[in-house]
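Note sheet for the following structure.
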Amino acid sequence: MKITDVKVIKLGVQLPKPLGVSKDREFNSRGAALVIIDTDEGIQGIGEGYGPESYIVKTIVDDKFKPLLIGQDPLDIERLWRRMLMDPVFVYWDQKGQGVSAASGVDMALWDIAGKFYNAPIYKLLGGDAKGNGKVKAYASDLFWDTPEIMAESARQFALQGYSAVKTHLGRGLKEDEERVKAIKDAIGDVDLMIDMNCGYDRVEAFKVGKMLEKYDIYWYEEPLSPYDIDGLAYLKNKLDIPIATGENEYTKWGFKELFLKNAVDFAMPDIMRCGGITETKKICALAEAFDVICTPHNYTTGVGLAATLQVMACTPNCEWLEFDVTDYALYKSLLKKPLEFDGQGMVTIPTDPGLGVELKDNVVDKYLIP
Ligand SMILES: [Mg+2]
């Protein structure tokens, strides 16, 4: 089998209401870059490289990776991964950033082709169902910044829908954060609460807020600091009695190695669309296992990325907690002919069709296509 074409579809959605995160930042739109690979045997693979700047992913795939991929056997995934990111012809390497994101989308599409070629879902090619129940435990992601009353009511609704954990964005000051944590915890009772700061604090602020969060038995404290400050994350992990989660802004196993060696993370959050694809995420999870770290992949993307995340989590023993987008995003469930649904009892079922197990709805792709 040979690769005959590689292209990127850029998608964009204007949000009906801005989503607020730390430090008064808001998202007004979301985007995605889908990678489509065709072969001479008629098998087509779909992948996703995250992404908000989809034009960068498209340029890198079109101009840099496509010429390296045309004519190659798509089943030689390890070799093609290294051809894209580690070929010795490159004097100047892209160790992190959108180059790795673009390669992640290609890698995912290659795995989709492999699954379709071998007539098996990807998780069956990578070790099978590690937990043995065909499902992955999911948490509701996410509550965005609003009044304490509105955030608490949203959290209560997710608890009533069957989620056993809910995540919220905070990060706008000690007093404002505590008002919201208290209101949400009062509303959800025994349901677990994760807190995501989106890198909004410095070390002094993050420590003070972390001491406050200790009182509320928070499940994890996500990205309290800049991803550059691995020493600061290690400091917080050592000083606070709550687990630290980070990794959505980290790339490849070499990046995660630094987090593990410095004992800076309890829950590692590789993003399959960014960190190097399915191939690299499996290796990051194996590395994490050797450091007794749990992996909980970051997954804030389209239905394609959701399917890839499910495939990797299904076959990886030290993966827990699927991040399930509850914001009614147009490119999530409605992008897929067979949507991946929360089951109302805390779980999402692993797709079992060959490859990623997804087919795109053409009318949804057309509606959100960026020319
Ligand atoms: Mg996050």
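The values are calculated or read from the model by the stated rules, or taken from the named source; none is laboratory data. Bear in mind that the values here come from a model prediction, so they are computed numbers and not experimental data. For neighbour counting, all protein chains shown are included, and Cβ atoms are generated from backbone atoms with ideal geometry for every residue, glycine included. Just the protein is used for accessible areas: all its heavy atoms, side chains included, with ligands, DNA and RNA removed. Shrake-Rupley method; radii C 1.70, N 1.55, O 1.52, S 1.80 Å.
For the range 124-361, what does the alpha-carbon gyration tensor say about shape, rounded, prolate or oblate, given a ≥ b ≥ c as the root eigenvalues, a/c under 1.5 as rounded, and a/b over b/c as prolate?
Taking the square roots of the gyration eigenvalues as a ≥ b ≥ c, the range 124-361 is oblate.
By DSSP, what percent of the beta bridges with both residues in the range 228-360 are antiparallel, rounded to the nearest 5?
25 percent
Using a cut-off of 16 Å between alpha-carbon atoms, which lysines can reach Lys175, once sequence neighbours fewer than 8 places away in the same chain are excluded?
Within the straight-line limit of under 16 Å, Lys175 reaches these lysines: Lys23, Lys185, Lys208, Lys211, Lys215.
Rounded if a/c is under 1.5, else prolate if a/b is larger than b/c, else oblate: which is the range 119-203, with a ≥ b ≥ c the root eigenvalues of its Cα gyration tensor?
Note, shape of the range 119-203 comes out prolate.
Helix 148-160 against the longest principal axis of the chain: what's the angle in degrees, Cα atoms only, rounded to the nearest 10?
Between helix and principal axis, roughly 60 degrees.
Leaving out ligands, DNA and RNA, what percent of the accessible area of the chain is carbon and sulfur, probe 1.4 Å?
51 percent
Under 10 °C and 1.306 mPa s, how fast does the range 7-96 diffuse according to Stokes-Einstein, given a Kirkwood radius computed over C-alpha pairs? Answer in µm²/s, whole number.
D, rounded to a whole number, is 104 µm²/s.
How many Å² of accessible area per residue for the range 124-361, probe 1.4 Å?
On a per-residue basis, the range 124-361 sits at 36 Å².
Going Cα to Cα from Lys10, which lysines come in below 27 Å? Please leave out same-chain ones fewer than 8 positions away.
List returned: Lys2, Lys58, Lys64, Lys66, Lys96, Lys116, Lys282, Lys333, Lys337, Lys338, Lys361, Lys367.
Report the label-to-label distance for Thr349 and Glu320 in nanometres (one decimal), using points 7 Å from each Cα along the Cα→Cβ vector.
2.6 nm
Around Gly305, with a cut-off of 11 angstrom between Cβ atoms, what is the net charge of the other residues, counting Lys and Arg +1 and Asp and Glu -1?
Net charge in that neighbourhood comes out at -3.
Measure out, as a whole number of angstrom, how far apart the alpha-carbon centroids of the range 13-46 and the range 205-229 sit.
28 Å
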